[in-house]
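Structure, as structure tokens:
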Amino acid sequence: MMARPRPVRPDENQQWTLAERPVGREVRKSDFKLVSNAVPDLAANELLIRTLYLSVAPVMRDYMLDGAGFEKPLAIGAVMRGRGVGIVIESRNANYAPGDIVQGKLGWQAYSISDGSPYYMMYKIQQRIAPLSTGIGVLGVTGFTSYLGLVDVGRFKPGDAVLVSGAAGGVGSSVGQVARSLGAGRIIGIAGSDEKCQLLVDKLGYDAAINYRTQDLGSHFSELMPNGFDVFFDNVGGTTLDTALLHMNKHARISLCGRISEYINNAEQPYALRNYQYIHKRYATLQAFFIYLLEADFPRAEAAMAAMIAKGHLTWTEDVL
């Protein structure tokens, strides 16, 4: 048998670095700078990874802000932080071999070097039931967020009525399908256009959807979930969360995944909940989570999501650029 040719080691690496912080505004192309640097030789325990896919998510804006986000602020001139899927092309690490497909903190660059330490949150992609691009989607941290945020943080039970904000996003588009596969009662999604709402109902497991831009949330919550909700998977925060607090069942669980509505607001003027007292009145639980603190549960989530794909219970939408 002819040996498989080894990948050619690159001499140059292209990297997108942070040039300016998007304070009080949307992210612009000018906030980034494309640079080229030599690829250094590997030290002991390091591996060289060629990037195949990179993810883009709203939370990345937080990474760009000074003092904001869940991790240490990104320095001006540093490679933009982000997860990706890649293939190992050279390794001095006993746990990884050339040809391994991995996902982890690769950053916005053509090639990355990792030592496999916990910081990189890297692991081999075990499930090959779907395209490799799903390693940053339903079979990656995005999908694990959907599953663990609903099942572990939201303590989902069969028959629960589930409400999801940001329902057409990367995480939300899986939450409805996971809830459906696990036996939810009624599932309502919130999105920002009629097209997205139609997608939620037609393909993503939702019973009904609300366009928050054109429809009143409170009245539609009452109409579509007259008996209230048991689990609210919240990706948005702000007024959406505040309104939802009025429609909880007793012992409801709110899984706080994100706060998209607040990402562009001035950090000195965060939205203040007005209906906070209803958490107490309904004996509800509101729990925030950061998915990387649940890393030990990733294999369980990956296996569960792969099983749903195999059963035809889970599909996905993605834009590959």
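Taking neighbour Cβ counts within 10 Å as the exposure measure, how do 65, 106, 182, 148 sort from fewest upward?
Placing the least packed residue first, the sequence is 65, 182, 148, 106.
Quick one: P(r) of the chain from all Cα-Cα pairs, 10 Å bins, percents rounded to integers, in order of increasing distance.
Spelled out per bin, shortest first, that is 6, 25, 31, 24, 11, 3, 0, 0.
Which angle from 0 to 90°, rounded to the nearest 10, does the C-alpha axis of helix 194-203 make with the longest principal axis of the chain?
Computed tilt is about 80 degrees.
I want to check the label-to-label distance for residue 289 and residue 311. Put each point 7 Å from Cα in the C-beta direction and report it in nm to one decimal.
1.9 nm
Rounded if a/c is under 1.5, else prolate if a/b beats b/c, else oblate: with a ≥ b ≥ c from the C-alpha gyration tensor eigenvalues square-rooted, which is segment 141-310?
rounded
Quick check on packing: order 17-24, 92-99, 185-192 by the mean number of other C-beta atoms within 10 Å, highest mean leading.
The most tightly packed comes first, giving 185-192, 17-24, 92-99.
If the elastic network links every pair of Cα atoms under 10 Å, which of 296, 110, 167 fluctuates the most in the Gaussian network model of the chain?
Looking only at 296, 110, 167, the largest GNM fluctuation is found for 296.
Once the piece of chain linking residue 208 and residue 41 is laid out straight, how much longer is it, given 0.36 nm per residue of separation minus the C-alpha distance between them?
54.7 nm
At 222 nm, what helix-only mean residue ellipticity would the chain give, in deg cm²/dmol to the nearest 500, using -39500 (n - 2.57) for each DSSP H run of four or more?
Dividing the helical sum by the residues of the chain leaves -5500 deg cm²/dmol.
What's the exposure ranking of 221, 233, going from fewest to most Cβ atoms within 10 Å?
221, 233
Please give the length that would be gained between residue 26 and residue 277 if that part of the chain were fully extended, namely 0.36 nm times their separation in residues minus their C-alpha to C-alpha distance (nm, one decimal).
Value of the extension gain: 87.0 nm.
If you take the beta carbon distance between residue 127 and residue 155 as r and set R0 to 25 Å, what does 1/(1 + (r/R0)^6) give as a FRET efficiency, to the nearest 0.05?
Using R0 = 25 Å, I get an efficiency of 0.50.
Taking the simple approach of a point 7 Å from Cα along Cα-to-Cβ for both residue 97 and residue 115, what is their distance in nm?
According to this spin-label approximation, the distance is 2.5 nm.
Going by how many other beta carbons lie within 10 Å of each one, how would you line up 247, 220, 280, fewest first?
Ordered by Cβ neighbours within 10 Å, fewest first: 280, 220, 247.
Read the figures in this text as sums done on the coordinates, not as results from a lab. Remember, it's a predicted structure, so these values are computed and weren't measured experimentally. Glycine gets a Cβ as well: all are built from the backbone with ideal geometry, and neighbour counts include every protein chain shown.
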